[in-house]
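Shown next, in structure tokens, is the structure this report addresses.
Laboratory data are not the source of any read-out in this text; all were calculated from the coordinates shown. As the structure is a prediction and not an experimental result, all values here were calculated from the model. So basically every Cβ, Gly included, is an ideal-geometry build from the backbone, and we count neighbours across all protein chains shown.
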Amino acid sequence: MIALGLAARWVHLGAGVWLVGTFALFLLAGRSDRPTARAWEQRLIWWTRWVVGLLFLSGLGSLAYQAALVTGHPRGAWSGPTLLGLLAATQFGTVWLLRHSLLLLLAGLILLRDSEDREWDWAAFRGEGLVLGGIGLALMAWAGHAAAVEPWGLAAAGADALHLLAVGVWLGGLGPLCLLLRAAGTEAGADARPFAVSAAKSFSQVSLVAVLAVAATGGWNSWNQVGGVPGLVGTRYGRLLLVKLGLFIAILTLAAVNRLRLLSLLSGEAETVGRPAMRRLAAFVGIELVLGAAILAVVTAMAVTPPGRHTQPWWPFPFRFSYAATADLPGVRTRLLIGSQVALAGFLGMLMGWFLGWRRRLAVSLAAAAFVAGLGVGLPPLAVEAHPTTYRRSPVSYHAASIVYGRELYATHCATCHGLTKKGDGRPDLAAPRLARLTAGDLFWWTRHWVALRGAPATAGRLSDEERWDVANFLRTLSAAERARTLTDVVEPDKPWLVAPDFTFAVGPGAPQSLRDFQGRRVVLAVLFTLPHSRPRLSQLARNYDILRVMGAEVIAVPTDGGEQIISRLGASPRILFPVATQGGQEILAAYSFFWPGTRAASPAHAEFLVDRQGFLRARWVPDGKGWTEITALLAEIQQLNQEVPATTPPDEHVH
């Protein structure tokens with residue numbers, strides 16, 4: 001069933017591309033009175049009838065396959081209620097109905113074609129065919145992955161529609177062009193050789209524009225669906241994309257040979273130059289057509305494969321390149337600067353070498369050597385050990401509850417070897433500098449393979465995957481705590497780097513809230529306080545709460561000595577209107593105590609953390625006679641955060 005469904009989709013896509021390319025080539029080639037050219041044109045028009053019929057049949061097959069996918073059973077493919085529901089209640093069904101309505105119009109146009117004695121009639125038929133076929137092909141974008149892109153679904157679908165149209169003009173025109181070149185490349189078709197030469201040159205110019213459009217829109221859509229190198233090489237969707245890219249490069253190579261070497265020979269002497277070149281060009285165009293059909297087969301498989309951005313990647317290499325993870329190591333920045341400049345010079349030299357005439361090969365070779373040497377200097381220092389789960393996204397969020405539970409699991413299963421702190425005993429060392437270069441997926445891999453690789457206690461093998469992610473979150477917090485030593489009461493402008501652990505709290509009988517609820521809306525001032533020591537500061541914040549709200553900030557107060565009856569203990573004057581956690585405080589305290597200044601043994605009675613709208617912890621203050629003692633100093637730091645341009649992506653589950 002799967003094979004038949006994919007075959008139906010491939011035929012459907014290929015037939016739509018062929019129709020667009022055929023009508024486009026008719027208009028590019030123009031009208032001819034030569035018998036061979038007219039015979040070629042009439043044969044293709046006759047074929048369009050069968051192609052439209054094939055489109056209808058394969059469209060029905062695609063609809064049936066989609067119904068089977070939706071129901072999860074082959075019987076759904078011929079279930080009337082399922083098919084009607086799919087057509088009436090889904091975007092796929094709406095697009096299907098629109099496309100096939102256009103196909104009906106196109107079928108009527110072809111079957112009821114009138115005489116073409118006038119030039120206008122000739123152009124109108126082909127132009128209308130191109131418009132109907134092109135719109136039908138472009139609408140497929142709204143039934144694919146591009147339409148689901150957030151938040152730019154309309155732009156992504158529009159780019160995908162342009163991509164499909166460009167593919168239709170380019171790949172769809174290869175078959176008709178191949179047939180024309182083969183017919184005109186024989187002695188019997190000599191009358192159409194000037195027409196074929198003109199058509200080939202016109203198609204070459206338009207296809208160059210189409211290829212550029214394919215590359216630009218395809219690159220943008222691929223980024224939307226893959227998201228980065230991990231999704232490209234570590235997911236099935238990404239690997240299919242690499243196959244597609246390889247086939248695309250092969251076609252471009254053949255097209256370059258055709259354009260630079262064979263196209264100029266078509267007008268040469270017929271017997272020795274012109275017709276042989278035309279036959280070779282027809283053969284190369286035929287190979288391009290086969291490769292194009294293979295690309296469409298890959299695209300068909302990609303259409304039913306979850307995009308790499310939404311799939312957990314499985315990293316295939318034992319290393320990765322990361323500037324963020326290695327920038328602080330000695331000599332890295334120097335080697336990267338030198339290597340990048342040498343590689344850039346080599347790349348520019350290769351481009352310039354093509355314009356140096358007889359010295360081109362030597363110049364390009366030297367420039368290529370410089371490019372490789374630059375990469376050899378700059379890339380190795382950026383290499384970091386990697387594992388198959390390096391880029392996996394944790395299903396367990398970086399949350400205070402997860403950190404606390406991970407600490408308990410660590411104490412039970414891991415402390416025997418590594419101690420209750422982060423320092424090991426010579427077996428695997430969990431020192432912070434190394435942890436800082438790891439991702440959450442690396443930490444998960446460690447916890448999963450310590451038993452087999454490190455001789456860890458057998459009890460460590462009893463952890464579930466979710467529990468291993470909890471341990472990974474705890475280890476991540478250990479690393480973050482070391483780096484957090486540099487935090488002060490002054491926001492470092494435009495340099496968010498430390499992800500604030502999420503937490504959940506409740507105020508009285510109210511519904512639970514989380515830190516993440518404020519992302520994208522407000523700066524958060526998390527206040528960990530102890531009574532009666534913190535009462536004056538809380539009163540100061542209460543008196544200025546209206547100003548803080550106007551500045552786009554929210555205050556969340558968390559007691560360090562328990563939340564029971566905390567509201568009554570605070571008193572009624574001045575009235576505190578900001579949230580004071582009565583539930584969840586102990587987990588928040590346990591997680592954020594890792595970020596105390598100094599050592600945890602010297603935990604302050606009062607501490608405040610400033611979290612920006614993206615969820616990064618940006619500043620920390622403890623009452624010490626300076627910093628935020630005056631509320632104006634706190635407002636200045638909030639204003640600094642308000643002036644920053646938000647990061648393009650929110651903090652993820654990776655350390656780096």
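Things worth noting here:
- Between Asp191 and Gln586, the contour length at 0.36 nm per residue exceeds the alpha carbon distance by 133.2 nm.
- Full-extension gain in nm, Glu271 to Trp46, via 0.36 nm per residue minus C-alpha separation: 77.8 nm
- As a length-normalised measure over Cα pairs under 8 Å and 6 or more apart, the relative contact order of the chain settles at 10 percent.
- Classification of segment 2-310 by its C-alpha gyration tensor yields an oblate form. The axis ratio a/c (a ≥ b ≥ c) is 1.5 or more, and b/c is at least a/b.
- For Phe616, the amide hydrogen comes within under 5 Å of the amide hydrogens of Ala500, counting only partners 5 or more places away or on other chains and with H modelled in the peptide plane.
- Convex hull projection area averaged over all views, segment 146-282, Cα basis, nm²: 9.0
- Computed lengthening from Ala373 to Ala216, 0.36 nm per intervening residue step minus Cα-Cα distance: 53.6 nm
- Trypsin sites (Lys or Arg not before Pro) lying in DSSP loop within segment 102-156, provided at most 10 other Cβ fall within 10 Å: Arg118
- Using C-alpha pairs under 8 Å with a sequence gap of at least 6, the mean separation divided by the residue count of segment 237-381 gives a relative contact order of 21 percent.
- Extending 7 Å from Cα along the Cβ direction at Ala411 and again at Arg335 yields two label points whose distance is 4.2 nm.
- Order of Thr488, Thr447 - criterion: other Cβ atoms within 10 Å of each residue's Cβ, fewest first: Thr488, Thr447
- The chain, helix-only ellipticity at 222 nm - DSSP H runs n ≥ 4, -39,500 (n - 2.57), divided by all residues, nearest 500: -19500 deg cm²/dmol
- Ala572 paired with Ala636, simple spin-label distance in nm, labels 7 Å along Cα-to-beta-carbon: 3.9
- Scaled radius of gyration (Cα, divided by 2.2 N^0.38 Å) that the chain gives: 1.27
- Helix 35-71 and the longest principal axis of the Cα set of the chain meet at an angle near 30°.
- Degrees between helix 440-454 axis and first principal axis of the chain (Cα, 0 to 90, nearest 10): 80
- The simple Förster model, with R0 at 30 Å and r as the Cβ-Cβ distance, assigns Glu482 and Asp561 a FRET efficiency of 0.65.
- Computed from label points 7 Å out along Cα-Cβ, the spacing between Ser593 and Leu27 is 7.3 nm.
- Three-way shape call for segment 504-643 based on the alpha-carbon gyration tensor, with the a/c threshold at 1.5: rounded
- Whether segment 25-167 is rounded, prolate or oblate, judged on the alpha carbon gyration tensor where a/c under 1.5 counts as rounded: prolate
- Cβ-to-Cβ counts within 10 Å put Phe474, Phe595, Phe125 in ascending order as Phe125, Phe595, Phe474, the fewest first.
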